[in-house]
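The values are calculated or read from the model by the stated rules, or taken from the named source; none is laboratory data. All values reported here derive from a predicted model rather than from experimental measurement. A quick note on method: Cβ atoms are made from the backbone with ideal geometry, for glycine too, and the neighbour counts reach across all protein chains shown. Surface areas here come from the heavy atoms of the whole protein model, side chains and all, with no ligands, DNA or RNA. Shrake-Rupley method; radii C 1.70, N 1.55, O 1.52, S 1.80 Å.
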Amino acid sequence: MKRIFSLGLTLLVLMSLLIGCTPTAPAETEAPPADAATEVADTEEGSADAPVAEGPQGTLRVALPTEPSSLYIPTTPDKISDIAASQLYDPLVFQDKTGAIVPALAESWETSEDGTVWTFKLRQGVTFHNGDPFTADDVVATWEYGISDSSSWPEKYNIATAVEKVDDFTVTVTTDGPKPLLLVTMHDFWSIIPKKYMDEVGVDGFLANPVGTGPFMFKEWVKGDHITYVANPNYWQAGYPKAAELVFRFIPESATRVAAIQQDEVDIVTRLSAEEAESLKSAAGVNVIQYQVPRIYYIAFDNLSSGIDTPIAEPKVRQAMNYAVDVDGIIKALFAGNGQRAAGYVASSELGYGIVPPFPYDPEKAKTLLAEAGYADGFEIDMACPSGVFAAFQEVCQAIVSNLGDVGITVNLEMMESGAFWDLMVKKQLPPLNGDSWADESGESYNRMAGALGGMDAGYSLWSDPKIDELLDQISSELDRDKRKALYEELQVYMQENPPFIYLYEPVTFEATRDTVTGYSPRPSEMLYLYDTAVAP
């Protein structure tokens, strides 16, 4: 049976959680506005609430477009790795399908009157996959490893200035000011690891055999082929997971993923092209899903290493390159019109969107700006893009090369295996231009901006600008939503005059499932939590 589903877009950060000293529990969480709630994809055959046979059943097979680079959250460089890894762990707090922050390994929490000290009461009786009991020591260790040199995301842990044990089941998290995005950041990144085990085996040993408290336990990783997890029989959430076994198969070719789901070799495929999704509408036993994603595709400029003293140091050159790219033409030609031109680095569903229009396609304006910047005859520059991980991205990057060539800029494009691409990004060793994409499910663009514009302090940043730093610092500690919106707007105006990116598009993503799958609920950010997804055994 075939259906096409759509998801609404916006997930909100719940500001009411952040102020005051009243203990916070899920029932007290402010629900998102009705018009902003996520419409969750569901199947006619059932949902997470549908009756399922007692105990985990069957093997859920998920096709991934790339092989994960890591299953340890602080070293997962991309969404695909994050999806594979997140099934193994639990954070202290979890963002549910409606966008609400709810308890996970923390049963409750409260904040000091000034909003800088958070006290979390931890769930008792939880064990890691290796049998170690979960305690406050593990929370402290998770944070300490997260800010260490082994982490690619230190800025996601540096949001706290201290994490301290009060007793075995109480921890305090201290910040240097109110942090409205602390909880959603903890949900995204603070996946709890066992201190004793990590100390024994080290990060390399942990990477080989990761251990969490999550719904699934690591079984094997056959390099180049698949990862297998099995259901955690002692999972603290009764009734979960629904699947007895979870297998991630690595299938780089999208046409092969399409064939695999048609032939019932996998149950879920993601990141299909519009044409591939259309072809599956008539396939027996296959459901097609589509939804718009709060994700921005872009070409990043580098002013930290390889881009220093190159033409892209000039704001007019960066503006010219935005005018030179025919984004609407790319969306029409490569995505059958599915998607919209990005107006900046804030997605259309996020706080503060709408203050600036997208750069129009205007190659003559681009040539004028290049001439004003002293590059009337153009210049030559290198660019890298990751291969395989984003739908049709190689073709997108090739189109950009062609557009820039039309205004006199010769671009030497290198497509890189995605793991190697992000490894070089962390090392700040990529060329001056880099194609990338960033999604976020917080309802705000702060984490995306801080991650991509955080200078040397952020693993996946290639840009530093004191004015951007100043505005991001203000956003990070501003509790008033209207004031934060105004700061996002000021930032977007500045980032159009001084663009750190060639802004490209917000996509519509296409996925497909077998009709034996129930309870599958992709998030607007394309993140998957598969604890409640069932498959007929």
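For Phe216, the residues whose amide H sits under 5 Å from its own are Asn232, ignoring neighbours fewer than 5 places away on the same chain, with H placed 1.01 Å from N. The charge dipole of the chain, taken about its Cα centre with unit charges on the Cβ of Lys, Arg, Asp and Glu (plus for the first two, minus for the last two), comes to roughly 700 debye. What does the charge count around Asp382 come to, taking other residues whose C-beta lies under 11 Å from its C-beta (Lys +1, Arg +1, Asp -1, Glu -1)? Value of the local net charge: -3. Helix 315-324 axis versus longest C-alpha principal axis of the chain: approximately 90°, rounded to the nearest ten. Across segment 277-283, rounded Karplus estimates of 3J(HN,Hα) from the backbone phi angles (6.51 cos²θ - 1.76 cosθ + 1.60, θ = phi - 60°) give 4, 4, 5, 7, 4, 9, 7 Hz, Gly and Pro being marked x.
If you take Rg/Rh (Cα atoms, Kirkwood Rh) from the coordinates, which of (i) 1.05; (ii) 1.13; (iii) 0.96 do you get? Checked against the structure: label (iii).
Accessible surface ranking for Arg295, Arg514, 1.4 angstrom probe, highest first: Arg514, Arg295. Among Thr98, Thr66, the order of accessible area from largest down is Thr98, Thr66, computed with a 1.4 Å probe on protein heavy atoms.
Bridge orientation summary for the chain: considering DSSP beta bridges with both residues in this region, about 75 percent are antiparallel. Of the residues Asn434, Val163, Tyr529, the one whose Cα sits farthest towards the positive end of the charge dipole of the chain is Tyr529 (charges of +1 on Lys and Arg Cβ, -1 on Asp and Glu Cβ, taken about the Cα centre).
Backbone phi angles across segment 222-234, fed through the Karplus curve with coefficients 6.51, -1.76 and 1.60 (θ = phi - 60°), yield HN-Hα couplings of 8, 4, x, 10, 6, 10, 10, 10, 10, 4, 7, x, 10 Hz in residue order; Gly and Pro are listed as x. Packing-based ranking of 69-76, 279-286, 219-226, 454-461 yields 69-76, 454-461, 279-286, 219-226, ordered from highest to lowest mean Cβ neighbour count within 10 Å. Pairs from the list Lys97/Lys165; Lys79/Lys219; Lys427/Lys467; Lys196/Lys242; Lys97/Lys242 with a Cα-Cα gap above 19 Å: Lys97/Lys165; Lys79/Lys219; Lys427/Lys467; Lys196/Lys242. Treating the angle as unsigned and between 0 and 90°, give the value, to the nearest 10°, between the Cα long axis of helix 393-406 and the longest Cα principal axis of the chain. Orientation of helix 393-406: about 20 degrees from the principal axis. Farthest towards the positive end of the charge dipole of the chain, among the residues Ile261, Phe250, Gly99, is the Cα of Ile261, using unit charges on the Cβ of Lys, Arg, Asp and Glu.
Amide H contacts of Thr170: Leu122, Ala136, each under 5 Å away and 5 or more positions distant or on a separate chain (H built 1.01 Å from N in the peptide plane; Pro and chain starts excluded).
For the peptides 316-327, 175-186, residues were scored by their other Cβ atoms within 10 Å and the scores averaged per peptide; the highest-first order is 316-327, 175-186. Each label was represented as a point 7 Å from its Cα along the Cα-to-Cβ direction; for Gln124 and Glu54 these points are 2.9 nm apart. Cross-link partners of Lys367 among lysines, defined as those whose alpha carbon lies under 19 angstrom from its own and excluding same-chain residues fewer than eight positions apart: Lys316. Across the chain, C-alpha contacts under 8 Å between residues 6 or more apart give a mean separation that, scaled by the residue count, equals a relative contact order of 23 percent. Sorting the segments 384-390, 397-403, 335-341 by their residues' average number of neighbouring beta-carbon atoms within 10 angstrom, most packed first, yields 384-390, 397-403, 335-341. Rounded to whole numbers, the Karplus 3J(HN,Hα) couplings from phi for segment 374-386 are x, 10, 4, 8, x, 6, 10, 8, 9, 9, 10, 9, x Hz, using 6.51 cos²θ - 1.76 cosθ + 1.60 with θ = phi - 60°, and x at Gly and Pro.
If I fit a long axis through the Cα atoms of helix 481-497 and take the longest principal axis of the Cα atoms of the chain, what angle between them do I get, 0 to 90°, rounded to 10? Long axis of 481-497 versus the principal axis of the chain: about 30 degrees.
Tell me, what % of the accessible area of the chain is carbon and sulfur with a 1.4 angstrom probe? Whole-percent figure for carbon plus sulfur exposure: 48.
Counting only Cβ charges, +1 for Lys and Arg and -1 for Asp and Glu, the dipole size of segment 263-332 around its Cα centre is about 320 debye. Where only DSSP H runs of four or more residues are counted, the chain gives -8000 deg cm²/dmol as its mean residue ellipticity at 222 nm, each run worth -39500 (n - 2.57). Here segment 271-423 was treated as a single set of alpha-carbon atoms; its pair distances binned every 10 Å from 0 give 10, 33, 36, 16, 4, 1 percent. Solvent exposure of the chain, expressed per residue, is 36 Å² of accessible area, with all protein chains present and a 1.4 angstrom probe.
Taking amide hydrogens as placed 1.01 Å from N in the peptide plane, the amide H of Tyr361 sits under 5 Å from that of no residue at least 5 positions away in sequence or on another chain. Computed from point charges on the beta carbon alone (+1 for Lys and Arg, -1 for Asp and Glu), the dipole magnitude for segment 412-537 about its Cα centre is near 160 Debye. Hydrodynamic estimate: the Kirkwood radius of segment 93-155 over Cα pairs, inserted into Stokes-Einstein at 10 °C and 1.306 mPa s, corresponds to D of 116 µm²/s.
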